[in-house]
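Chemist: First the structure, which I've put down as structure tokens, then a few questions once you've had a look.
The values are calculated or read from the model by the stated rules, or taken from the named source; none is laboratory data. What you see is a predicted model; the values in this text were computed from it and never measured. Here the Cβ is made from the backbone with ideal geometry for all residues, glycine too, and neighbour counts use every protein chain on show. Ligands, DNA and RNA are excluded from the accessible area calculation, which covers all protein heavy atoms including side chains. Shrake-Rupley method; radii C 1.70, N 1.55, O 1.52, S 1.80 Å.
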Amino acid sequence: RAYESSRLWFSGGYVPTLRAYESSSIGLSHDGSVAQLFAADSSTVKFVHGGSVSDLYAHGSSDVLMGGGSVGNLWAYDNSNMRLWNGSIANLYAQDSSTVTREVSEFRLGAGLSLDGDELLGTGLLSLEWRDWVRRVVDVRRNDPTATIRLLVPEPTTLLVLALGGLGLPHRRRRNGRRRE
């Protein structure tokens, strides 16, 4: 258990339960595996480059940042905030004024799901992909009217700037011993 602004980094092995309370933070990466992870009381959980959690419960104004890894069941409730840009989630439960933001490059809505702007409404299967171009399917099992699930797709101009970013980098010309005139 992590209390009172403490920090815990977990990068290998197996732990049945991890709990973060009172503004503490837990980092998870690589081959770390956790059966149940609880984030509460304004704590933060970060997935960096992997790791797996069977059940993740975020509540009490906690934050979850996920850039890799996998979660079996993700429960967001009681004003929690989640920012997901990579990794896989099998089942998503959003309720009680929580916000789940998923960055995607492409997605397909299954039966029972619809969009209102960037907000996902309803429950059902959501097929998506992002930076690694691997298609993932998330079963949105609970999407309470007080919760918000957002799908953020970068604007075409943002993608263009990222794609063309390398063009502005200086590059060297090869010289083959001939003079240019």
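Chemist: Run down Ser42, Ser54 and say which single residue is more than 22 Å from Ser5 (Cα to Cα) and of a type in the set (Ser, Thr, Tyr). First the steps, then the outcome.
Modeler: On the way: Ser42 fails: more than 22 Å from Ser5 (Cα to Cα).
Of the residues listed, the single one that is more than 22 Å from Ser5 (Cα to Cα) and of a type in the set (Ser, Thr, Tyr) is Ser54.
Chemist: If you don't mind, there's one more thing I want to ask. Check region 59-76 and report whether any residue there is more than 25 Å from Val138 (Cα to Cα) and either surrounded by fewer than 18 Cβ atoms within 10 Å (Cβ to Cβ) or among the aliphatic types (A, V, I, L, M) (or both).
Modeler: The initial filter retains those residues of region 59-76 that are more than 25 Å from Val138 (Cα to Cα), namely none.
No, region 59-76 contains no residue that is more than 25 Å from Val138 (Cα to Cα) and either surrounded by fewer than 18 Cβ atoms within 10 Å (Cβ to Cβ) or among the aliphatic types (A, V, I, L, M) (or both).
Chemist: Are there any pairs with C-beta distances below 9 angstrom linking a residue in region 10-23 that is surrounded by 16 or more Cβ atoms within 10 Å (Cβ to Cβ) to a residue that is at pLDDT 90 or above and among the aromatic types (Phe, Trp, Tyr), with the two at least 6 apart or on different chains, and if so which?
Modeler: Cβ pairs passing all conditions: Leu18/Phe38; Arg19/Phe38; Ala20/Phe38; Tyr21/Phe38.
Chemist: Now for a different question. Any chance you could count how many residues in region 125-144 are in contact with an Asp or Glu (Cβ under 7 Å, 6 or more places away or on another chain), open to solvent by 80 Å² or more (accessible area, probe 1.4 Å) and at pLDDT below 95?
Modeler: 1
Chemist: Evaluate the following for Arg102: is it in contact with a Leu (Cβ under 7 Å, 6 or more places away or on another chain), without any contact (Cβ under 8 Å) to a residue 60 or more places away in the chain, open to solvent by 60 Å² or more (accessible area, probe 1.4 Å) and in a strand (DSSP E or B)?
Modeler: Values: in contact with a Leu (Cβ under 7 Å, 6 or more places away or on another chain): yes; without any contact (Cβ under 8 Å) to a residue 60 or more places away in the chain: yes; open to solvent by 60 Å² or more (accessible area, probe 1.4 Å): no; in a strand (DSSP E or B): yes.
Taking the combined requirement at face value, the residue does not satisfy it.
Chemist: Of the residues in region 4-36, how many are of a type in the set (Lys, Arg) and out of contact with any Leu (no Cβ under 9 Å at 6 or more places or on another chain)? Steps first, answer last, please.
Modeler: Our first condition is that a residue be of a type in the set (Lys, Arg); within region 4-36, this holds for 7, 19.
With the extra rule that they be out of contact with any Leu (no Cβ under 9 Å at 6 or more places or on another chain), the set shrinks to 7.
Qualifying residue count, region 4-36: 1.
Chemist: Residue by residue through region 121-151, note down the ones that are of a type in the set (D, E, K, R), under 16 Å from Met66 (Cβ atoms) and part of a strand (DSSP E or B). First the steps, then the outcome.
Modeler: Start the filter on region 121-151 by keeping residues that are of a type in the set (D, E, K, R), which leaves 129, 131-132, 135-136, 139, 141-142, 144, 150.
With under 16 Å from Met66 (Cβ atoms) added as a condition, the list becomes 129, 131-132, 136, 150.
Passing the criteria: Glu129, Arg136, Arg150.
Chemist: Condition check: more than 21 Å from Ser61 (Cβ to Cβ) and modelled with pLDDT of 95 or more. Does Leu115 satisfy that? Lay out the reasoning, then the answer.
Modeler: Details: more than 21 Å from Ser61 (Cβ to Cβ): yes; modelled with pLDDT of 95 or more: yes.
Yes; evaluated as a whole, the condition is true for this residue.
Chemist: How do the strands (runs of 3 or more DSSP E) wholly within region 24-97 filter down when requiring 3 or more residues that are modelled with pLDDT under 95 and within 13 Å of the chain's Cα centre (by Cα): which remain? Step through it out loud before you land on a result.
Modeler: On the way: elements: 25-39, 44-58, 63-76, 81-94.
Correct list: 44-58, 63-76, 81-94.
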